[in-house]
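To start, the structure itself, in structure tokens.
Rule-based calculations on the coordinates, nothing more; no lab input. The shown structure was predicted, so the numbers you read here are calculated from the model rather than taken from an experiment. Neighbour counts run over all protein chains shown; Cβ positions are idealised from the backbone, glycine included.
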Amino acid sequence: MQYQISGKQIDIGEALQVHVKDELNNVIRKYAERPTNAQVIFSKSAHEFVCETVVHLSTGLIAQAKGTATEIYAAFDNCADKMETQLRRYKRRLKDHHKDRVDPVEVFGGSSYILASEDEGPDEADDATLQPMIIAEMETRIPSLSVGEAVMQMELAHAPVLVFRNEKTEGMNVVYRREDGNVGWIDPKNSI
């Protein structure tokens, strides 16, 4: 497994890197059979150290965790504990969903847009040209998954929504976290 350990305006010593590799390797090997790489980023936020870890599995799923503490080692340990809890929780589901999968998850490119409307005063609210402005555009990856895998990926990434290509229907689908805590699934049917 490949590790990328870095710090944002923080010097990461050799001892910390060895500690991160050893501990993360123990956690990942225990619960995930085929990890490919891990990215660990340390930063400082006010008086606390922040550790963000992203682990890519060969199945295409991504697990991520974030930990904070006043000491850098404690921040990583907090993050590793969250990663372990997350992977332990999904171990059975990871095995069940990927037992028959021999190929990694297929990923397609797509564009992602962030929209924002112009600042308007109370007099301009009646204006008929209330068009949002496109602020940013970036490339994103759209995985080809089953619905169960998509829900699991959304939960592993702590994302509120996930757009994916349904392996069964080959159509674009969306899963999202509802306000009541349940998961919603949008499966648009082609009427053509």
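Values as computed for the structure displayed
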{"item": "Theoretical FRET efficiency, 1/(1+(r/R0)^6), r = Cβ-Cβ of residue 176 and residue 71, R0 35 Å, to 0.05", "result": "0.40"}
{"item": "Gain on full stretching of the segment that runs from residue 189 to residue 12 - 0.36 nm per residue minus C-alpha separation", "result": "58.6 nm"}
{"item": "Proportion of all alpha-carbon pairs of region 2-98 beyond 19 Å (%)", "result": "36"}
{"item": "Cross-link table 44/91; 66/91; 82/168; 30/168, entries beyond 24 Å C-alpha to C-alpha", "result": "44/91; 82/168; 30/168"}
{"item": "Surrounding net charge for residue 74, when Lys and Arg each add one and Asp and Glu each subtract one, Cβ distance under 11 Å", "result": "-4"}
{"item": "Around residue 21: net Lys/Arg minus Asp/Glu count, Cβ-Cβ under 12 Å", "result": "-2"}
{"item": "Burial ordering of 164, 49, fewest other beta-carbon atoms within 10 Å first", "result": "49, 164"}
{"item": "Around residue 158: net Lys/Arg minus Asp/Glu count, Cβ-Cβ under 13 Å", "result": "+2"}
